[in-house]
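Structure first, commentary second.
The values are calculated or read from the model by the stated rules, or taken from the named source; none is laboratory data. Predicted, not measured: the structure shown is a model, and the values here were computed from it. A quick note on method: Cβ atoms are made from the backbone with ideal geometry, for glycine too, and the neighbour counts reach across all protein chains shown. Areas reflect the complete protein model, heavy atoms only, side chains present, ligands, DNA and RNA absent. Shrake-Rupley method; radii C 1.70, N 1.55, O 1.52, S 1.80 Å.
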Amino acid sequence: MVNIKELLKETPQDQLVEVNGWVKTFRSNRFIALNDGSTLNNIQCVVDFENFDEALLKQVTTGAALKVKGKLVASQGRGQAVEIQVNELHIHGTADAETYPIQPKKHSMEFLREQAHLRVRTNTFAAVMRVRSALSFAVHQYFTQNGFYYMHAPIITGSDAEGAGEMFRVTTLDLKNTPLTEEGEVNFKEDFFGKETNLTVSGQLEAEAYAMGLGKVYTFGPTFRAENSNTSRHLAEFWMIEPEMAFYDLKDNMDLAEDFIKEVLKYIVAHCAEDLNFLEKRLLDEEKTKPQAERSELSLLDKLRFVIDNKFVRITYTEAIEILKNSKPNKKKKFQYLIEEWGADLQSEHERFLVEKHFKCPVILYDYPAKIKAFYMRLNEDGKTVRAMDILFPGIGEIVGGSQREERLEVLLEKIEALGIDEKELWWYLDLRKYGTAVHSGFGLGFERLVQFATGMGNIRDVIPFPRTPQNAEF
Ligand code: 4AD
Ligand code: MG
């Protein structure tokens, strides 16, 4: 069975062909635009309506699924090289024109989010999802070619890798009917696992264990955060790519992250031209509706090429604070809340200032204050900063968070104690420092934020098939 993408490449020689797909439009009772998802382009199927039953043709409406048989001929119409002269038409399934939600017109993103099960039949979502698929392939290809092993980290876990407490509990207990302990707490001893567990927020700690045996590994799987943030950059369920490398220090880690991002973007520029061109045009139309001052200077493909061709700026947190302190708020007071104190966490407006106004390119910030970062990061000799790095992207903000890990048992123990983390919970993680410990590093890249950057989509909910956000788990 041939798909439309392959068919459109064939030389028309009146050969008999058969395709399946969904009707995009049916014009003048004669021209069916058929699409099967293999490509953005439709194949035009021409029906001689006198030869077909009227009742059958009435069923050819937008959204109906068809099988078409006919001759592949050179097209007379503009915009396509070939078309099918239809001999046989079979309706797999009709789509009532009165109720089918996806009509051939512009729908709002909000409306389409409510139709998450049908929105992939629009050009925009089909293009985004094909790019998403290509990007995930590029991720696996990059790591495989660079000597990494793909590792599946557990989804259910007893540890909180980020220590941020933003976890979804996993339990088999019927919480309403399970008696509490004498201390008034939930008795997790009765649970399937005999202890409190949650959905993973990150596969990092397990990836560290594997890096200390396989050398270089990466995870690429779903992660979960019960943070109640209703933003265009946060999901409760998102896919994270987490490479972890033995014997890599922070500089090696930064080099890898930069090279990795550039290579996967190169891959889609080379392999997804049709979809990216379409998304670029869509974005240009959207930009035109904005006031001049707010319009983006670069088109989508220019942005991708810019990231691929330019070195990311690397500065320490301390240098970033200096820049922010010395920056004057602009006239519109957009960046008026600039940081005054060393040690404060950067807000997204600070990150945007650095990336979009000051440097105008991706920035790697490193050596953050220990106090605002997770327990596992390697303490610097100054005793107050850690070997952390965040990569900030224009229009996206933080796309990568990573670090060199604390490999010294005593220092890690001190840190764990200071933060009030139960040492026993991390016994296996501490074992890694007791037996053959070594310098090692890794990072996490939020896959949906990468897809957002690659496709120019403004909202993270529109780059994952069925977004999980607060109050939203219908599908
Ligand atoms: O900075 P984060 O929290 O780092 C970690 O989880 C580390 N354990 C990673 C590591 O070193 N192996 O998350 C990493 C990235 C962020 O930079 C962001 O791109 C993405 O994950 N991310 C989210 N993406 C969508 N929705 C959310 N709620 C996200 N939270 C983090
Ligand atoms: Mg982070």
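Can we say Ala33 is at pLDDT 95 or above and open to solvent by less than 50 Å² (accessible area, probe 1.4 Å)?
When the stated conditions are applied, Ala33 passes them.
Against the conditions (1) crowded, with 18+ Cβ neighbours inside 10 Å; (2) modelled with pLDDT under 95, where does Gly163 fall short? Just the number, please.
(1)
Can you find a residue in region 443-463 that is open to solvent by less than 20 Å² (accessible area, probe 1.4 Å), closer than 30 Å to Arg305 by Cα, touching a Gly at 6+ places or on another chain (Cβ under 6 Å) and near ligand 1 (Cβ under 9 Å from one of its atoms)?
Yes, the conditions are met somewhere in region 443-463.
Scan region 136-160 residue by residue and report those that are touching a Ser or Thr at 6+ places or on another chain (Cβ under 9 Å) and in contact (Cβ under 8 Å) with a residue 60 or more places away in the chain.
Tyr150, Met151, His152, Ala153, Ile155, Gly158, Ser159, listed by residue number.
Given the criteria in contact with a helix residue (DSSP H, G or I) (Cβ under 8 Å, 6 or more places away or on another chain) and either open to solvent by 30 Å² or more (accessible area, probe 1.4 Å) or assigned to a loop (DSSP other than H, G, I, E, B) (or both), does Arg78 qualify?
Against the criterion (in contact with a helix residue (DSSP H, G or I) (Cβ under 8 Å, 6 or more places away or on another chain) and either open to solvent by 30 Å² or more (accessible area, probe 1.4 Å) or assigned to a loop (DSSP other than H, G, I, E, B) (or both)), Arg78 does not qualify.
Residues being under 13 Å from Ile321 (Cα atoms) and open to solvent by 40 Å² or more (accessible area, probe 1.4 Å): count how many of those fall in region 352-371.
Looking only at that region, the number is 2.
Here is a list: Val23, Val60. Which entry is open to solvent by less than 40 Å² (accessible area, probe 1.4 Å), in a loop (DSSP other than H, G, I, E, B), within 29 Å of Pro101 (Cα to Cα) and among the β-branched types (Val, Ile, Thr)?
The unique qualifying residue is Val60.
Check off (1) within 13 Å of ligand 2 (Cβ to nearest atom); (2) in a helix (DSSP H, G or I); (3) among the β-branched types (Val, Ile, Thr) for Ile399 and give me the number that stays unchecked.
Among (1) within 13 Å of ligand 2 (Cβ to nearest atom); (2) in a helix (DSSP H, G or I); (3) among the β-branched types (Val, Ile, Thr), Ile399 violates only (2).
Under 7 Å between Cβ atoms, which residue pairs at least 6 apart in sequence (or on different chains) link something in region 41-54 that is in contact (Cβ under 8 Å) with a residue 60 or more places away in the chain with a partner that is part of a loop (DSSP other than H, G, I, E, B) and surrounded by fewer than 19 Cβ atoms within 10 Å (Cβ to Cβ)?
Asn41/Leu8
Could you tell me which numbered condition Ile372 fails, if it satisfies all but one of (1) within 13 Å of ligand 1 (Cβ to nearest atom); (2) in contact with a Lys or Arg (Cβ under 9 Å, 6 or more places away or on another chain); (3) not polar (S, T, N, Q)?
Evaluating Ile372 over (1) within 13 Å of ligand 1 (Cβ to nearest atom); (2) in contact with a Lys or Arg (Cβ under 9 Å, 6 or more places away or on another chain); (3) not polar (S, T, N, Q) leaves (2) as the failure.
Given the conditions (1) of a type outside the set (A, V, I, L, M, F, W, C); (2) under 23 Å from Met254 (Cα atoms); (3) more than 28 Å from the chain's Cα centre (by Cα), which single one is not true for Asp431?
(2)
Being of a type outside the set (A, V, I, L, M, F, W, C) and either open to solvent by less than 10 Å² (accessible area, probe 1.4 Å) or within 9 Å of ligand 1 (Cβ to nearest atom) (or both) is the filter here; which residues of region 386-396 pass it?
Within region 386-396, Asp390 is the sole residue that qualifies.
A quick yes/no check of all residues on (1) farther than 30 Å from Val386 by Cβ; (2) in a helix (DSSP H, G or I); (3) open to solvent by less than 80 Å² (accessible area, probe 1.4 Å):
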| site | (1), (2), (3) |
| --- | --- |
| Asp275 | yes, yes, yes |
| Lys281 | yes, yes, no |
| Ala293 | yes, yes, no |
| Ser296 | yes, no, yes |
| Leu301 | yes, yes, yes |
| Arg305 | yes, yes, no |
| Ile323 | no, yes, yes |
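I want to confirm something. Restricting to region 226-269 and keeping residues that are of a type in the set (Phe, Trp, Tyr) and assigned to a helix (DSSP H, G or I), which single residue is nearest to ligand 2 (Cβ to nearest atom)?
Per the criteria, the residue is Phe260.
What residue, among those in region 397-414 that are of a type in the set (A, V, I, L, M, F, W, C) and within 8 Å of ligand 1 (Cβ to nearest atom), is surrounded by the fewest Cβ atoms within 10 Å (Cβ to Cβ)?
Ile399
Kindly indicate which of Glu286, Glu237 is exposed (fewer than 14 other Cβ atoms within 10 Å of the Cβ) and over 30 Å from Glu407 (Cβ atoms).
The match here is Glu286.
Out of all the residues in region 194-208, which are more than 8 Å from ligand 1 (Cβ to nearest atom), assigned to a loop (DSSP other than H, G, I, E, B) and touching a strand residue (DSSP E or B) at 6+ places or on another chain (Cβ under 6 Å)?
Thr200
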